[in-house]
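The values are calculated or read from the model by the stated rules, or taken from the named source; none is laboratory data. Treat the numbers as computed from the prediction; the structure is a model and nothing was measured. When we count neighbours, we look across all protein chains shown, and the Cβ atoms used for this are built from the backbone with ideal geometry, even at glycine. Calculation scope for accessible area: heavy atoms of the full protein, side chains included, ligands and nucleic acids excluded. Shrake-Rupley method; radii C 1.70, N 1.55, O 1.52, S 1.80 Å.
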Amino acid sequence: MNHQIDTKISTLLNWDEVRNSVYPVLASPVMEKSGQLQELVNTDFLDMKVIYTIWLRKDGLEAGYIRISQALFEHYKISIEELHRQALKNLNKDGYCLRDMKAILEELKGMKEGEAQPSAEESEIEAGKMFVLTNKDRMYGAAGILNRTILREQCHGKSFYILPSSVHETIFIPFVEEIDQTELDHMVSEINRAQVIPEERLTSHSYFYDGQADEIRISA
């Protein structure tokens, strides 16, 4: 994250000091089942929960983040709407892009190591391809689906099925009428079972982004 803050208590208690370092995170259902959400500020997004974090640094080095508790939120004396609005705004500077999954896999194998991979151009978005939406750090990048500006810029008005592959990223599949909803949900379940630890899983079903209406809904 670019806009991190120092770990001084006085800084953390000052909303004006931390506001540019606040980010939303889509919470794993594990957090809710374990009772962790009870002490954290959270809001609803479809059938998921959103929590809020402050990204930190210490002596110029990355030092992780802290989650915004109910007590800390009350200290800020702001509304939940302002907190959510600021967190979404901060996502705009976090380097989100929709990238061809094949290119990502090649990069991970070292075939294109060190090369910057651009966002998918409108002409490259076609049926049969799979894309990944995440931020430049690939950390809690699934939150990108909360930001309509990011979706509009990356999807070019096209519609996609969204598979919540983990709290760090989501998979986008261009819409075609022939795709079976049951098959998509099965894909999500398989990804969760084989590749994602329970603490990083989101839901077990797919979503749909309507590019014309600019909205996300649970796939039906």
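Between R148 and D185, take the C-beta separation as r, use R0 = 22 Å, and let me know the FRET efficiency to the nearest 0.05. Approximately 0.35, to the nearest 0.05. Multiplying the residue separation of F175 and Q36 by 0.36 nm and removing their Cα-Cα distance gives an extension gain of 46.5 nm.
The mean accessible area for residues of region 167-217, using a 1.4 Å probe and ignoring ligands and nucleic acids, is 54 Å² per residue. In region 163-220, the alpha-carbon atoms span a convex hull of 83 Å³ per residue. Taking 12 Å as the cut-off, the amide N atoms of region 129-162 that come nearer than this to a point 7 Å along the Cα-to-beta-carbon line of Q195 belong to 130-133.
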